[in-house]
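The values are calculated or read from the model by the stated rules, or taken from the named source; none is laboratory data. The structure displayed is predicted, hence computed values, not measured ones. Cβ coordinates were reconstructed from backbone atoms using ideal geometry, including for glycine residues, and neighbour counts include every protein chain displayed. Each accessible area value is taken on the protein alone, full model and side chains, heavy atoms only, with ligands, DNA and RNA left out. Shrake-Rupley method; radii C 1.70, N 1.55, O 1.52, S 1.80 Å.
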Amino acid sequence: MARRLGLPLVLVIAATQCVWAESPSITAVLSDSEVQVGQAVQMDIRVSGARNAEVPEDIAADGLQIHRTGTSQQFEMRNFTATSSVVYSYTILPMKAGTFAIPPQTIRANGTQLKTPALTLRVVDLPGNNSANAPASGQAKWAWAEVIIPKKDAYLGESIP
C-alpha cells in the first residue's frame with residue numbers, strides 16, 4: 001500500500017519543483033479594448049514560472065486611473081507537465097475620451113526583469129456627453145455611496161440583498 005502511494009507522491013513533488021525551475025515569462029491583456037468614459041476595464045498581468053513578482057500597486061497613465069485590485073494563483077498539471085502562474089489584476093477607470101497608451105511595466109520575478117507589452121485603450125464619450133466640458137484638472141465628477149450588507153457570511157452562489 002505504501003509503495004502504491006509513494007510513487008505518485010514523489011512524481012507530484014518532483015513536478016512541483018520543476019514548475020519553479022522554468023524561466024519566468026509575462027503577458028498583459030485588457031478585458032476590453034474600447035470603453036466609455038467612466039466605465040471600468042480590467043487589466044491582467046500574468047507572470048508564469050515564478051512564485052511571486054514585484055509589481056506596482058498603481059500605474060501612471062495620463063487620463064486613466066489604474067489601481068491593483070487583486071492577485072490569483074494558478075497551478076495546472078497535464079501529462080506530468082506542471083505549469084504555474086500568478087495573475088495580478090488591475091482596474092482601469094478612464095477619466096476622459098481619447099486613445100490612451102498604457103506604458104510597459106517592468107516586473108521583477110526570480111531575479112529577472114520582465115517587461116509587459118504596451119497596451120492601447122480607446123475611450124469614447126458617453127452619448128450626449130462632451131468630454132470638452134470636463135474639469136480642466138482632468139478629474140471627473142464623482143458620487144459617493146455607502147453599501148450596507150445585512151450579513152457577515154456569504155456562501156458561493158448565494159445572493160445577498
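Of all residues in segment 104-134, those being at pLDDT 90 or above, surrounded by 13 or more Cβ atoms within 10 Å (Cβ to Cβ) and assigned to a loop (DSSP other than H, G, I, E, B) number 3.
Here Arg3 passes the criteria (1) farther than 20 Å from Leu114 by Cα; (2) modelled with pLDDT of 85 or more; (3) open to solvent by 30 Å² or more (accessible area, probe 1.4 Å) except the one numbered (2).
Each residue in segment 54-103 was checked for being assigned to a strand (DSSP E or B), open to solvent by 70 Å² or more (accessible area, probe 1.4 Å) and aromatic (Phe, Trp, Tyr), and 1 pass.
Hey, can you tell me all the residues within segment 64-96 that are under 13 Å from Thr120 (Cα atoms) and touching a residue at least 60 places away in the same chain (Cβ under 8 Å)? Result: Ile92, single match. Within segment 25-46, which residues are within 17 Å of Val87 (Cβ to Cβ), over 10 Å from the mean Cα position of the chain (by Cα) and among the β-branched types (Val, Ile, Thr)? Scanning segment 25-46 gives Ile26, Thr27, Val41.
Only residues that are in contact with a Lys or Arg (Cβ under 7 Å, 6 or more places away or on another chain) and among the polar types (S, T, N, Q): list them for segment 61-88, please. If the condition is that a residue be in contact with a Lys or Arg (Cβ under 7 Å, 6 or more places away or on another chain) and among the polar types (S, T, N, Q), then Ser85 is the only one that fits.
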